[in-house]
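First the structure, in the form of structure tokens, and then the observations on it.
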Amino acid sequence: MDSSCCAKNLLAVAVAANFLLVAGCENPGAMNESSANVKHITQGEFADEVTRYAQPVVVDFYATWCGPCRQLSPLLDRVAGGFAGKIKFVKVNVDESPGLAQNFQVQAIPTVLLFKDGKLADRLTGVPAEADLQSKLAALVAGK
């Protein structure tokens with residue numbers, strides 16, 4: 001092996017290690033658990049928890065292997081606390097419920113869908129700034 005090949009391999013290992021650290025791989029399975037403010041649901045629960053629910057609902061489509069999803073999860077949990085009693089927050093693992101992701105045309109994750117009166121009202125893709133998320137949620141509560 002020449003030195004340029006070894007350097008490229010070392011660089012690739014360093015990039016992969018950095019990604020894993022940034023993505024927070026310490027316990028990706030924990031994302032599948034409900035938190036204090038966001039309930040993990042399955043495809044079978046979706047109708048009762050979202051489309052038949054009287055209040056507005058926010059649905060986080062995520063995957064445990066997705067770094068940006070791991071960034072959004074604690075942000076969503078924190079913001080959800082401020083909307084307790086006004087908006088229901090749930091999350092759906094796209095690897096466990098691919099039919100739901102396909103049905104709502106989730107092509108990138110994280111994707112957050114906002115439902116009002118059981119119908120899709122808005123969509124956010126990626127990790128929004130907290131202020132932008134707060135604004136969208138306030139508009140959802142206000143019915144705008």
Seminar exercise, completed: Filtering region 83-104 down to residues that are under 19 Å from Val38 (Cα atoms), surrounded by fewer than 18 Cβ atoms within 10 Å (Cβ to Cβ) and not basic (Lys, Arg) yields Ala84, Gly85, Asp95, Glu96
Exercise. Consider Thr125 against the criteria (1) of a type outside the set (D, E, K, R); (2) in contact (Cβ under 8 Å) with a residue 40 or more places away in the chain; (3) in contact with a Ser or Thr (Cβ under 8 Å, 6 or more places away or on another chain): it satisfies all of them except one. Which criterion is unmet?
Worked result: (2)
For this session: Quick one: count up the residues across region 51-84 that are farther than 21 Å from Ala101 by Cβ and either assigned to a loop (DSSP other than H, G, I, E, B) or over 17 Å from the mean Cα position of the chain (by Cα) (or both).
Result: 5
Exercise. Is it the case that Leu133 is over 16 Å from Gly44 (Cα atoms), surrounded by 14 or more Cβ atoms within 10 Å (Cβ to Cβ), in contact with an Asp or Glu (Cβ under 7 Å, 6 or more places away or on another chain) and among the hydrophobic types (A, V, I, L, M, F, W, C)?
Worked result: no
For this session: Please enumerate the residues belonging to region 33-50 that are in a loop (DSSP other than H, G, I, E, B) and in contact with a strand residue (DSSP E or B) (Cβ under 9 Å, 6 or more places away or on another chain).
Result: Glu33, Ser34, Ser35, Asn37, Val38, Ile41, Thr42
Problem set entry | region 105-129, subset surrounded by fewer than 19 Cβ atoms within 10 Å (Cβ to Cβ) and over 14 Å from the mean Cα position of the chain (by Cα), residue nearest to Phe61 (Cα to Cα) | Gln105
Exercise. Out of curiosity, is Ala139 hydrophobic (A, V, I, L, M, F, W, C) and either in a helix (DSSP H, G or I) or surrounded by 14 or more Cβ atoms within 10 Å (Cβ to Cβ) (or both)?
Worked result: yes
Exercise. What number of residues within region 28-43 satisfy the criterion of being within 16 Å of Leu75 (Cβ to Cβ) and in contact (Cβ under 8 Å) with a residue 24 or more places away in the chain?
Worked result: 5
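None of the figures in this text is laboratory data; all of them are computed from the coordinates on show. Owing to the predicted nature of the structure, the values given are computational and were not obtained by experimental measurement. Note: ideal-geometry Cβ built from the backbone for every residue, glycine included; neighbour counts use all protein chains shown.
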